[in-house]
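Reading through the structure tokens given below for one structure.
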């Protein structure tokens, strides 16, 4: 049976209770990048009042580049949440909700300048950097540490880690919370190297998550299917997240491409899935998604080709 996870909206929204109380949802994650009026301890307390006994995960930002401060280019620089130690130029950056890779023309610490300028970059906006020799100063952010300490003190030990690429990323969290239960989000080519070469030493402690959206952005279309299969092969309990039923954000009926994507993930071996931020943030889209999940559960439809596809994958690899 499939397990479904969902993303909690910000804790000041009534929709948070709607998501948390849905019986089909096995567990929920809270993205600490959401802005609130409360400190980490107060934020977690408010969430736990709604979540109660449901499986609850703190989603830390880790190595994910994000916009730290509002900026209106070209008047000023863009401030990131991580200082860049090294990056060979030319390099590019893509901001979430933009559709164009922008050239990074200069950087110093956590300040970057790009060309052409984006429309507006907002605090917390995710980014993807494409370039060689990219290194940040540290992995966990100050906000990550604050949430780890606040959660640890009240007995919260479940974390999703963004942009995991090396053993030290996992070790940085374990140093702060030795009891940590970790889901490592794989979102880059270095993350795939971690899965293939490093993960076997962590497989009893760490669960993998294929972050389909960022992974596709960062590695491109040629390697995407192989990457998804590599992740679930390394960890049969891996979670597939994002780009699941996005058609239901705006339409009442699921698209054929969405269904095909879901059944292909099943054929690869995925049995755990997570609904995206946007799908969970609004009552209408969330109810449409839940209705679709109920249909899938009630029909228990098993495509006749599923096992043959898995056999093909295991014998030949993907379409190479």
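Tabulated results
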read-out: For the chain, fraction of C-alpha pairs farther apart than 33 Å, in %; value: 25 percent
read-out: q = 0.16, 0.19, 0.20, 0.23 Å⁻¹: log10 I(q)/I(0) that the Debye formula gives for region 209-320, counting C-alpha atoms only; value: -0.77, -1.07, -1.16, -1.42
read-out: Helix-only mean residue ellipticity at 222 nm for the chain, each DSSP H run of n ≥ 4 adding -39500 (n - 2.57), per residue, nearest 500; value: -10500 deg cm²/dmol
read-out: Pair residue 12, residue 79: separation of 7 Å Cα→Cβ label points (nm); value: 2.0 nm
read-out: Label point distance in nm, residue 181-residue 52, each placed 7 Å from Cα along Cα→Cβ; value: 1.9 nm
read-out: Per-peptide average of other Cβ atoms within 10 Å, ordering 267-273, 171-177 highest first; value: 267-273, 171-177
read-out: Region 67-136, Cα convex hull volume normalised per residue, Å³; value: 72 Å³
read-out: Peptides ranked, highest mean first, by Cβ atoms within 10 Å: ranges 86-93, 186-193; value: 186-193, 86-93
read-out: Share of Cα-Cα pairs in region 169-229 lying beyond 16 Å, as whole percent; value: 44 percent
read-out: Spatial extent of region 79-207: Rg and Dmax, with the Cα atoms as the point set, Å; value: 16.2, 47
read-out: Distance between region 1-28 and region 174-208 - C-alpha centres, whole angstrom; value: 24 Å
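The numbers here are math on the coordinates, done by the rules we state, and not lab data. Source: prediction; values computed, not measured. Don't worry about glycine lacking a Cβ; one is built from the backbone with ideal geometry, like all the others, and counts go over all protein chains shown.
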